[in-house]
Amino acid sequence: MVRGVCSATAQTGGPPLENSSGTIRISTNLVLVNVVALRWSTSAPGATLTRDDFELFDNDRRVPIRTFDTGSATRPLAVWFLVQCSMSGWGDQGSGLFWGSIGEFRSVLKRNNGSDTYGLAHWCDDGTSDLDVFPSRDSDPALQKLEQVLSVPVAVRSHDRTGELALQAALQKIVRATQSQVPERIPAVIFLYDDYSAMPKGEADQFVDQLLRSSIAVYGLRHRRSPRIMDMEWLGGEKGAIADYIATQTGGSYLSVRPAQYADGLEQILDELHKRYELGFVPRDLDGRRHKLRVTLSSDARSRCRSTRLAYRSGYIAKRNPIC
């Protein structure tokens with residue numbers, strides 16, 4: 001199954017129009033699709049590719065690639081770390097196993113791209129959620145607050161619907177904050193969460209659509225020994241491991257790592273985000289619906305790069321931007 005690691009952003013592009021007041025208006029929408037080339041064996045960045053090595057499909061119809069940029073040309077990141085607050089007896093199913101290990105991330109963030117920014121949000125099964133630190137180039141405030149959030153356990157009676165709604169509220173707040181920022185940065189969410197969570201699939205897909213509209217790529221790190229929740233969707237129940245599902249649909253991955261590998265896992269995620277290719281195309285139908293995306297290697301590239309697989313998100317929302 002192809003894993004999604006792309007973002008599709010509807011942006012304005014195409015020939016300008018001038019009205020009587022002299023205002024420049026843009027007449028077409030350009031969708032940007034971020035793609036990562038990975039090696040099958042290691043999930044490390046794979047071969048260096050060119051524009052002619054890609055083929056792009058919108059709802060299974062091939063579309064011309066109008067613009068192309070390599071990872072070095074893409075915009076800096078606005079990263080949100082997202083955690084569940086610590087709760088007594090729930091440490092190995094939420095974010096509790098990360099407490100005491102946040103310092104492992106500091107060296108990775110210090111040597112990463114100095115133009116990237118880092119923020120923090122959290123939610124809790126008592127129904128609360130908050131944007132704790134807005135993204136800034138100094139990663140220390142986010143990491144310090146992260147340690148603080150995880151160091152104070154919260155007593156919670158139930159881990160059912162109230163927690164699901166709090167997680168949704170946290171994601172909604174991130175979406176709103178992303179929509180209000182100056183759009184030079186690529187938004188990304190990184191769960192530090194062991195993902196013992198579930199949600200009705202239809203409800204989860206509504207949030208996937210919101211994230212697709214905002215071009216937010218979602219990733220995650222989980223402790224390798226944390227338990228897995230059963231996926232009950234096949235019995236008419238809920239979709240298990242909901243954070244993992246959202247990551248896959250919106251263009252990211254969920255890594256299972258040991259504490260000694262936390263820094264390596266974060267570095268792999270940031271490396272993927274920085275080494276994406278950006279393909280731009282003009283959609284034929286701006287019908288407001290979710291469209292399926294498919295990106296493949298050309299036949300020539302497949303013969304040259306047999307060990308390379310492409311990672312990109314599953315779709316985008318074909319909605320016309322307001323003409324400006």
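Looking only at region 35-51, filter to residues that are surrounded by 15 or more Cβ atoms within 10 Å (Cβ to Cβ) and out of contact with any Gly (no Cβ under 9 Å at 6 or more places or on another chain); which one of those is modelled with the lowest pLDDT? Full working, then the answer.
First pass over region 35-51, keeping only residues surrounded by 15 or more Cβ atoms within 10 Å (Cβ to Cβ): 35-38, 43, 45-47, 49.
Keeping just the survivors that are out of contact with any Gly (no Cβ under 9 Å at 6 or more places or on another chain) gives 35, 43, 46-47, 49.
Working: VAL35: 88, SER43: 54, GLY46: 57, ALA47: 62, LEU49: 90.
Here the answer is SER43.
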Open item on the list: Please go through (1) touching a helix residue (DSSP H, G or I) at 6+ places or on another chain (Cβ under 6 Å); (2) at pLDDT 85 or above; (3) not basic (Lys, Arg) for PHE54 and return the number of the only condition it doesn't satisfy.
Closed with: (1)
Open item on the list: Please determine whether any residue of region 187-205 is free of Cβ contacts under 8 Å to residues at least 60 places away in the same chain, among the acidic types (Asp, Glu), closer than 25 Å to ALA142 by Cα and surrounded by 21 or more Cβ atoms within 10 Å (Cβ to Cβ).
Closed with: yes
- [ ] For ILE323, indicate whether it is at pLDDT below 90, of a type in the set (Val, Ile, Thr) and outside the structural domain of GLN179 (by TED's automatic domain parsing).
- [x] yes
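The values are calculated or read from the model by the stated rules, or taken from the named source; none is laboratory data. All values derive from a computational prediction rather than experimental measurement. So basically every Cβ, Gly included, is an ideal-geometry build from the backbone, and we count neighbours across all protein chains shown.
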